[in-house]
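Everything on this sheet refers to the single structure shown next.
The values are calculated or read from the model by the stated rules, or taken from the named source; none is laboratory data. Being a predicted model, the structure only gives us computed values, none of them experimental. We place every Cβ from the backbone using ideal geometry, glycine too, and count neighbours over all the protein chains shown. The area values use the complete protein model at the heavy-atom level, side chains included, leaving out ligands, DNA and RNA. Shrake-Rupley method; radii C 1.70, N 1.55, O 1.52, S 1.80 Å.
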Amino acid sequence: MGQKMKISVADLLLESRIPGNYYSKETYVKGDLEMGLLENHRGDRLLALPQTLIQGIYAGLDKETGAASRLVLFNCGLWWGKSFFRRFQDEVSGYYGTALADLKMAEFLQALRRCWATYGWGKLVFDQSYQTQGFLVIQTWNSAFARQHLPGDEPACALEAGVLAAFFSELSGQELSCLQTSCESLGADSNRFVIGVKSRLLMAEVLVEQQTPHLEIMAKLCG
């Protein structure tokens, strides 16, 4: 993904013990039920979204924008992903007492996995198999968005793809894109997202439309 990344993708293989858990569900989410408020450690407001609301958003987008639903969701994810990165950066930097870019990679990855789970987005893991080819693959399970359906037989987690594109663009200091190559909504065992330079991902978009298996897509991207 270039040589200007603030955090080297090569370091993603590091493992070490992680002190504490800032995103512990027992302490991270606080609330005032009488006032109808949910907040985090710092007093930032949080919202619990019912599955039916997400279903309504998808249905409304499908009705109003049709095939453009995926692009709308992706752009919404891009916008929110920048805000998510700033919050994550502030929270994690404050917890460890150091700039996010100076964290050990194991600490960074553990914090992101725990944050993702605490927010109710499911389980997230990193696949560094293609790092030397300039791609990072993220795999998730139990996505609330994968339970929805968009027009056609394509992956449904466009909003998550936008969030990941924005997050890693901010982290690396360069513009990256994200393409979902498998989705639980289509019967896959998990949701897979490929992050890399947009121009290198373009050829894979057609393969996704053709429901090409993830490993075949990666073989063509790296071939």
Seminar exercise, completed: Scanning the range 73-128 for residues that are in contact with a Leu (Cβ under 7 Å, 6 or more places away or on another chain), open to solvent by 50 Å² or more (accessible area, probe 1.4 Å) and under 27 Å from Glu154 (Cα atoms) gives Cys76, Arg113
For this session: Under 7 Å between Cβ atoms, at least 6 apart or on separate chains: pull out the pairs that start in the range 93-119 with a residue that is farther than 23 Å from Gln139 by Cα and end on any residue that is polar (S, T, N, Q).
Result: Ala99/Ser93
Seminar exercise, completed: Restricting the range 27-69 to residues that are in a loop (DSSP other than H, G, I, E, B) and of a type in the set (Asp, Glu), the one most open to solvent (accessible area, probe 1.4 Å) turns out to be Glu34
Seminar exercise, completed: Expected single match for of a type outside the set (Ser, Thr, Tyr) and outside any helix (DSSP H, G or I) among Val163, Val194, Val206 is Val194
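Is one or more of the residues making up the range 203-214 out of contact with any Lys or Arg (no Cβ under 6 Å at 6 or more places or on another chain), among the small types (Gly, Ala, Ser) and touching a residue at least 24 places away in the same chain (Cβ under 8 Å)? Explain how you work it out, then say what you get.
Taking the range 203-214 first, the residues out of contact with any Lys or Arg (no Cβ under 6 Å at 6 or more places or on another chain) are 203-213.
Narrowing further to those that are among the small types (Gly, Ala, Ser): 204.
Adding the requirement that they be touching a residue at least 24 places away in the same chain (Cβ under 8 Å) leaves 204.
Yes, the range 203-214 contains at least one residue that is out of contact with any Lys or Arg (no Cβ under 6 Å at 6 or more places or on another chain), among the small types (Gly, Ala, Ser) and touching a residue at least 24 places away in the same chain (Cβ under 8 Å).
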Problem set entry | Near pairs, Cβ below 6 angstrom, 6+ apart or cross-chain, from the range 29-55 (free of Cβ contacts under 8 Å to residues at least 24 places away in the same chain) to any residue that is acidic (Asp, Glu) | Lys30/Glu39; Arg45/Glu39
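When you look at Gln174, is it in contact (Cβ under 8 Å) with a residue 60 or more places away in the chain and out of contact with any Phe, Trp or Tyr (no Cβ under 7 Å at 6 or more places or on another chain), yes or no? Walk me through it before giving the result.
Details: in contact (Cβ under 8 Å) with a residue 60 or more places away in the chain: yes; out of contact with any Phe, Trp or Tyr (no Cβ under 7 Å at 6 or more places or on another chain): yes.
The answer is yes for Gln174.
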Exercise. Under the condition of being in contact with a strand residue (DSSP E or B) (Cβ under 7 Å, 6 or more places away or on another chain) and either acidic (Asp, Glu) or part of a loop (DSSP other than H, G, I, E, B) (or both), which residue from the range 132-159 is farthest from Asp102 (Cα to Cα)?
Worked result: Pro155
For this session: Test each condition in (1) at pLDDT 95 or above; (2) in a helix (DSSP H, G or I); (3) touching a Lys or Arg at 6+ places or on another chain (Cβ under 7 Å) for Leu171 and report the one that comes out false.
Result: (1)
For this session: Inspect all residues belonging to the range 53-71 and state whether any of them is touching an Asp or Glu at 6+ places or on another chain (Cβ under 9 Å) and closer than 26 Å to Leu179 by Cα.
Result: yes
For this session: Note down all Cβ pairs under 9 Å where the first residue falls in the range 178-200 and is touching a residue at least 40 places away in the same chain (Cβ under 8 Å), the second is acidic (Asp, Glu) and open to solvent by 40 Å² or more (accessible area, probe 1.4 Å), and they're at least six residues apart or on different chains.
Result: Ser190/Glu184; Asn191/Glu184; Arg192/Asp127; Val197/Glu175
